[in-house]
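Working notes for the structure below.
The values are calculated or read from the model by the stated rules, or taken from the named source; none is laboratory data. For clarity, every value in this text was computed on a predicted model and none was experimentally measured. Don't worry about glycine lacking a Cβ; one is built from the backbone with ideal geometry, like all the others, and counts go over all protein chains shown. Side chains are part of the model used for accessible areas, which takes the heavy atoms of the whole protein and leaves out ligands, DNA and RNA. Shrake-Rupley method; radii C 1.70, N 1.55, O 1.52, S 1.80 Å.
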Amino acid sequence: MSVFTLKQITQLLPHRYPFLFIDRVEEFESGQKIVALKNVTVNEPFFRGHFPDLPIMPGVLICEALAQAAAIILHDTLRQEAVERVAVLTGIDNARFRRPVIPGDQLRLEVSLSRRHAPLWKFHGQASVAGQAVADVNLLLTETPWVEL
């Protein structure tokens, strides 16, 4: 059972297809932790070029998926504080990739808040597929005012 529906996810995140990498939120501790899922399908646009004969999800997009999960924590917290800001990924540290993510995999994204010192938020993220570690990373997100272009 999902904690957040896709509609609720899109109310928290500004991302949309093809750059929304969260399909479902399984667990959520407000301001602390999230477990989200990304179903990796063969029709993902990035597989056309990375790599056509050996489709592998780019590591940077795994980091982006983890950052989007972190942003849900951030946006949920700011919404409760009635602050109009958006999360921007400003740092990736100590990223390690353990195995490739391929079409058919379900990416499990576990992210926990390490530290908040507004406007900076530090998170630790781990990605896995079928219980096997895929990636782990430390993320830095910054809350910034929402600007309409």
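For the chain, relative contact order (Cα pairs under 8 Å, six or more residues apart, normalised by length) works out to 24 percent.
At 0.36 nm per residue, minus the direct Cα-Cα distance, what do Ile56 and Arg99 gain on full extension? Give it in nm, one decimal, please.
Result for the pair: 14.5 nm of gain on full extension.
Rounded to the nearest whole angstrom, the semi-axes of the ellipsoid equivalent to the chain, taken from the Cα gyration tensor as √(5λ), stand at 25, 16, 15, largest first.
Mean projection of the Cα convex hull over all viewing directions, computed for the stretch 1-51: 4.3 nm². Accessible surface for Lys7 stands near 140 Å², nearest 10, in the context of the full protein assembly shown (1.4 Å probe). Each residue, His117 and Lys33, gets one label point 7 Å from its Cα in the Cβ direction; the gap between the two is 2.5 nm. Only protein heavy atoms count here; on that basis, with a 1.4 Å probe, Arg115 has an accessible area of about 130 Å². A 1.4 Å probe run over the protein chains yields, for the chain, 55 Å² of accessible area per residue, whole-number rounding. Across the stretch 64-136, the relative contact order, built from alpha-carbon pairs under 8 Å that are at least six residues apart, equals 32 percent. Relative to the longest principal axis of the Cα atoms of the chain, the long axis of helix 59-80 makes an angle of roughly 20 degrees.
Whenever you get a sec, compute what percent of the accessible area on the chain sits on carbon and sulfur atoms (1.4 Å probe). Before the final figure, lay out the partial values.
Numbers: 4380 of 8160 Å².
So the carbon and sulfur contribution to the accessible surface is 54 percent.
A helix-only calculation puts the chain at -6500 deg cm²/dmol for mean residue ellipticity at 222 nm, using -39500 (n - 2.57) for each DSSP H run of at least four residues, averaged over all residues.
3J(HN,Hα) couplings calculated from phi for the stretch 36-43 with the Karplus curve 6.51 cos²θ - 1.76 cosθ + 1.60 (θ = phi - 60°) are, in sequence order, 10, 10, 10, 7, 8, 10, 5, 8 Hz; Gly and Pro show x.
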